[in-house]
Amino acid sequence: MDITTIKRKFRHIFIQLPLSTKNYSFNDAIIITSDPRSGSTWLMEVFGKMPNSVINWEPLHPNKGVVPKHYNFGSRVFIEPANDSQALKDFFHDLLTMKTFTNWTARFIAFNEIFSSKYVITKFVRANGLLPWVTANLPLQHKPILLLRHPITTCSSQLQNFHRFERDALSAPYAEPTMYIAPDCFNNERYIENQSYINSLTSPLERQIALWCIDNKDVINHPKRDNWIMVYYENLVLNPEEEFSMILKNLNLPFSPEDFKKINFKKPSKTDSQKNYNSNPSIQLESFLNYFDNDYLKRIQDIFDYFGIVDYSAHSAYPINTTE
């Protein structure tokens with residue numbers, strides 16, 4: 001057993017007792033959710049500066065989180081809003097108040113933070129599709145935050161970071177026939193019904209974007225999407241103070257931007273593993289437009305059109321104002 005593993009074990013033992021005896025109120029639960037590689041860690045780190053708060057890190061992780069194996073949630077959880085299972089309600093109540101936690105989910109909590117903490121900030125990259133169910137079935141006092149980032153940038157980063165694709169391979173046709181098979185998980189009908197369409201797409205990035213659309217289209221286009229706070233990553237990096245003030249106002253928290261004056265909004269997050277953060281946000285946001293030609297971008301736009309995604313265009317780096 002290496003020294004890092006030993007430290008983690010002792011740290012878990014050290015914080016387990018005070019954290020397990022802490023009674024967090026569900027009224028003080030705060031949710032941040034996004035797709036992986038969309039900026040949620042960065043936003044979480046900003047919120048982590050909030051007085052009297054602790055971070056609940058990725059509790060829906062299938063191996064390191066708090067989800068019982070028999071739930072079989074898969075990598076992107078979806079629950080029908082009409083599902084009024086008391087067991088599910090109790091599970092998410094305990095999750096959001098850290099009645100259940102693991103060394104993984106408590107990894108960002110310092111021992112001395114526990115005693116004065118009041119707010120549990122739960123950060124997800126697997127819960128976008130949960131928002132209609134959560135807001136319909138749980139008595140949240142603070143609206144969840146849905147952080148969206150351009151699907152091309154998000155999916156390119158996912159493929160490069162998690163699947164080790166080189167940039168040139170993202171848009172290249174598969175060298176050999178590669179079949180997408182819908183995952184065997186809870187409420188997987190959305191994948192099954194789109195399996196043939198996904199298999200008609202010939203490059204890794206196109207398929208990844210199609211999956212992004214499947215997981216996000218119903219939340220983005222939901223008739224009650226005002227039940228959560230829609231935040232666009234692009235707006236956040238261009239105007240961080242203004243966007244953060246908007247978030248705080250919509251969360252209805254007793255804090256003001258004055259409480260966050262010392263925050264360095266330009267600091268990259270801990271998950272910037274490729275060290276590709278650019279201090280000029282416009283260059284960073286628009287970079288993908290230089291990687292793909294117009295014909296390929298048109299193919300991606302066809303995917304957006306197929307799934308009814310109108311908040312983003314393949315030919316622009318910035319979100320489209322859908323409220324005008």
Classify segment 1-155: rounded, prolate or oblate, from the alpha-carbon gyration tensor (a ≥ b ≥ c, eigenvalue square roots; a/c under 1.5 rounded; otherwise prolate if a/b is larger than b/c)? rounded
At 0.36 nm per residue, minus the direct Cα-Cα distance, what do residue 72 and residue 187 gain on full extension? Give it in nm, one decimal, please. 40.5 nm
Identify the residues of segment 180-202 with backbone N under 17 Å of a label point that sits 7 angstrom from the Cα of residue 80 along the Cα-to-Cβ direction, or state none. 185-193
Residue by residue through segment 171-180, which ³J(HN,Hα) values in whole Hz follow from phi under the Karplus form 6.51 cos²θ - 1.76 cosθ + 1.60 (θ = phi - 60°), with glycine and proline marked x? 9, 6, x, 4, 5, 10, x, 10, 8, 7
If I model a spin label at residue 64 and residue 195 as a point 7 Å from the Cα along the Cα→Cβ vector, what separation in nanometres do I get? 3.1 nm
Let me make sure I get this right: for segment 191-247, a, b and c are the square roots of the gyration tensor eigenvalues over alpha carbons, sorted descending. Under 1.5 in a/c it's rounded, otherwise prolate if a/b > b/c, else oblate. Which is it? oblate
Based on the Cβ-Cβ distance from residue 174 to residue 89, what FRET efficiency comes out when R0 is 45 Å, to the nearest 0.05? 0.60
With no solvent and one point per C-alpha, what does the Debye sum give as log10 I(q)/I(0) for the chain at q = 0.15 Å⁻¹? -1.38
Determine ³J(HN,Hα), in whole Hz, for all residues of segment 12-26 in sequence, where each value follows from phi through the Karplus function 6.51 cos²θ - 1.76 cosθ + 1.60 and θ = phi - 60°; x replaces Gly and Pro. 4, 4, 5, 9, 4, 5, x, 6, 6, 9, 7, 10, 6, 7, 5
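Pairs 64/217; 89/123; 69/224; 69/143: which exceed 24 Å Cα-Cα?
Table pairs above 24 Å Cα-Cα are 64/217; 69/224; 69/143.
Figure the gain on full extension for residue 245 and residue 161 (residue separation times 0.36 nm, minus the Cα-Cα span) and round it to one decimal in nm.
27.1 nm
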Given 0.36 nm per residue, what is the gain on full extension from residue 102 to residue 14 after removing their alpha carbon distance, in nm? 30.4 nm
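Based on the Cβ-Cβ distance from residue 252 to residue 222, what FRET efficiency comes out when R0 is 22 Å, to the nearest 0.05?
Details: r = 21 Å, r/R0 = 0.95.
Once rounded, the FRET efficiency stands at 0.60.
We did not get these values from a lab; they are worked out from the coordinates using the rules stated. Fair warning: this is a prediction, and the values are worked out from it, not measured in the lab. Positions of Cβ are generated from backbone atoms using ideal geometry, with glycine treated the same way; all protein chains shown enter the neighbour counts.
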